[in-house]
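Reading through the structure tokens given below for one structure.
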Amino acid sequence: MGSALVPMPLAPAHQTATVSRDFVQIQLAGFGNLPVYAPPQPPCSTELILAPEVALTTLPATNGAVAAKTDPAPVLSPSQVRCFLDCPARWWFKYGLKLPERKNSSLALGLAVHQALEVNFRDKIETHEDLETSGVVIVFREAWMEQVPETVFTADESQGDLRRMGERLVAKYMDEVAPTVEPAVVELDVQGEIGGVAVRGRVDVLDVEGRLIDFKTASRRPSSVSPDYAFQLVTYRQIHPAPAARYVLTAW
């Protein structure tokens with residue numbers, strides 16, 4: 001048999017005092033005028049707890065501009081997608097609220113190496129010859145010194161050791177890889193649509209053979225192309241106008 005909710009009659013007159021003392025009548029949606037009784041809610045209070053001052057974060061003054069930036073970049077890039085997949089909150093802080101990111105040593109090293117190689121290949125477009133390795137190393141050293149004041153280093157990191165490692169990386173690339181690259185364009189902006197979504201990116205070097213070459217630094221020699229880098233290359237392949245272009249990721 002099915003069961004039904006049957007409203008119980010109110011307590012007799014001699015019990016009315018007990019009902020009114022221990023219960024209060026409440027209104028519930030869907031019960032119409034049916035009287036419903038429940039225990040009274042205990043008194044509550046709100047206590048304001050202040051965190052220690054060292055735990056507070058001071059955001060840059062925006063004069064209300066942060067609240068207005070609720071429509072993050074209408075054009076996606078591979079770096080945006082990778083950032084979102086890694087940490088959606090970090091993506092929102094960076095691309096939605098436009099808050100500045102603190103730079104770590106890996107990023108600073110990669111930027112300095114990239115700047116040095118860019119100088120070489122821009123010059124090579126005109127001369128068809130690489131610069132002297134020692135000169136490109138000097139460019140790296142100057143770029144590194146520009147990065148240092150903006151970089152957060154951990155307690156176990158040595159700025160000098162990182163600089164020397166970067167110098168070795170640049171020298172190795174110039175001696176072993178750069179002679180095999182004949183650049184046609186440096187810092188090539190590519191854009192298009194994938195699935196109706198506007199996508200853009202920037203390729204480090206487009207060579208005369210149609211290869212898109214991207215520079216990556218790593219703490220150890222990779223055994224294969226990582227999924228993150230493969231995603232970037234596939235994205236460039238989709239939006240670059242030359243369908244026969246070959247895509248090469250240079251990592252060391």
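Of note:
- Of the residues making up the range 151-160, none is assigned to a loop (DSSP other than H, G, I, E, B), modelled with pLDDT under 85 and either over 15 Å from F121 (Cβ atoms) or not acidic (D, E) (or both).
- Being within 28 Å of the chain's Cα centre (by Cα), within 30 Å of R237 (Cβ to Cβ) and of a type outside the set (K, R) holds for only one residue in V170, V177, V152, and it is V170.
Conditions tested, residue by residue: (1) at pLDDT 85 or above; (2) assigned by TED's automatic domain parsing to the domain that holds F153; (3) not polar (S, T, N, Q).
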{"site": "I49", "(1), (2), (3)": "no, no, yes"}
{"site": "T57", "(1), (2), (3)": "no, no, no"}
{"site": "L76", "(1), (2), (3)": "no, no, yes"}
{"site": "P88", "(1), (2), (3)": "yes, no, yes"}
{"site": "F121", "(1), (2), (3)": "yes, yes, yes"}
{"site": "E126", "(1), (2), (3)": "yes, yes, yes"}
{"site": "D130", "(1), (2), (3)": "yes, yes, yes"}
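- V81 buried (at least 16 other Cβ atoms within 10 Å of the Cβ), more than 20 Å from the chain's Cα centre (by Cα), of a type in the set (A, V, I, L, M, F, W, C) and at pLDDT 85 or above: no
- Scope the range 164-197; condition among the aliphatic types (A, V, I, L, M) and either within 17 Å of I125 (Cα to Cα) or modelled with pLDDT under 90 (or both); matching residues: M174, V177, A178, V181, A184, V185, V186, L188, V190, I194, V197
- In the range 186-201, the residues that are without any contact (Cβ under 8 Å) to a residue 40 or more places away in the chain and either part of a strand (DSSP E or B) or under 15 Å from G110 (Cα atoms) (or both): L188, D189
The values are calculated or read from the model by the stated rules, or taken from the named source; none is laboratory data. As the structure is a prediction and not an experimental result, all values here were calculated from the model. Virtual Cβ from ideal backbone geometry, glycine too; neighbours counted across all protein chains shown.
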